[in-house]
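This report refers to the structure that appears directly beneath it.
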Amino acid sequence: MKQILKLTALMVSVLGPLAAQAHGDEERAKPHVYDASQVEDTDFGREGNPAKVNRTLHVSMADSMRFTPDQVTLRRGQTVRFVIQNQGQALHELVLGTPAALKAHAELMKRFPNMEHSDPNMAHVKPGQHGEIVWQFTRPGEFQFACLQPGHYEAGMTGKVVVK
């Protein structure tokens, strides 16, 4: 019995911080504030400066597990404001990334469905609400956006970003 308690305590101490990294109680989530000193480059760009947005895209999400539009074409260097509207009855999100990173994150979400979010490449949107992401696409290529709520990604809730 002592070994089970020790193992449980170890698992909570190791996995607990992971569970607090990405998804969860959106009521307690802090709004994201742009801070140029904290911007990090990724394989698909970086957080964009809201004062330098040069394109706004409206994307809707639905319980049919689809985004509209589900494909966008952008120019390298563009800073885009995604205005994301949840037209469904379930919580949805839009997460930008590479196909490999989104697939890995979706797998993590299966194991830890209540993790909290705070990254600048993602927006969680309650039913009937809207969210925003400001992103600068610094590299050409094909990237994705997806809803990583458990089961949504697997149901095909993905889209494509083509950067030329």
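The values are calculated or read from the model by the stated rules, or taken from the named source; none is laboratory data. From a predicted model like this one, the values you see are computed outputs, not experimental measurements. So basically every Cβ, Gly included, is an ideal-geometry build from the backbone, and we count neighbours across all protein chains shown.
Listed here are the residues, each with its yes/no results for (1) modelled with pLDDT under 95; (2) over 11 Å from Ile84 (Cβ atoms); (3) small (Gly, Ala, Ser); (4) surrounded by 15 or more Cβ atoms within 10 Å (Cβ to Cβ).
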| residue | (1), (2), (3), (4) |
| --- | --- |
| Glu116 | yes, yes, no, yes |
| Gly128 | no, yes, yes, no |
| Ile133 | no, no, no, yes |
| Gln136 | no, yes, no, yes |
| Pro140 | no, yes, no, no |
| Phe143 | no, yes, no, yes |
| Leu148 | yes, yes, no, yes |
| Ala155 | no, yes, yes, no |
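Kindly check whether there is at least one residue in region 34-45 that is in contact with a Pro (Cβ under 7 Å, 6 or more places away or on another chain), in a strand (DSSP E or B), polar (S, T, N, Q) and surrounded by 13 or more Cβ atoms within 10 Å (Cβ to Cβ). For region 34-45, residues in contact with a Pro (Cβ under 7 Å, 6 or more places away or on another chain), in a strand (DSSP E or B), polar (S, T, N, Q) and surrounded by 13 or more Cβ atoms within 10 Å (Cβ to Cβ): absent.
The condition (being of a type in the set (Phe, Trp, Tyr), under 24 Å from Ala36 (Cα atoms), touching a Gly at 6+ places or on another chain (Cβ under 7 Å) and in contact (Cβ under 8 Å) with a residue 24 or more places away in the chain) is satisfied by just one residue among Phe82, Phe145: Phe145. Of the residues in region 96-112, at least one is more than 16 Å from the chain's Cα centre (by Cα) and farther than 22 Å from Val163 by Cα. Taken as a whole, the structure places Ala106 among residues that are surrounded by 18 or more Cβ atoms within 10 Å (Cβ to Cβ), over 26 Å from Asn54 (Cα atoms) and not hydroxyl-bearing (Ser, Thr, Tyr). Given the structure, is Phe137 over 21 Å from Ala90 (Cβ atoms) and either touching a residue at least 40 places away in the same chain (Cβ under 8 Å) or not hydroxyl-bearing (Ser, Thr, Tyr) (or both)? Yes. Within 18 Å of Lys164 (Cα to Cα), at pLDDT below 95 and of a type outside the set (Lys, Arg): is that true of Phe44 in this structure? The answer is yes for Phe44.
Filtering region 38-60 to residues that are out of contact with any Ser or Thr (no Cβ under 8 Å at 6 or more places or on another chain) and of a type in the set (A, V, I, L, M, F, W, C) leaves Val39, Ala51, Leu57.
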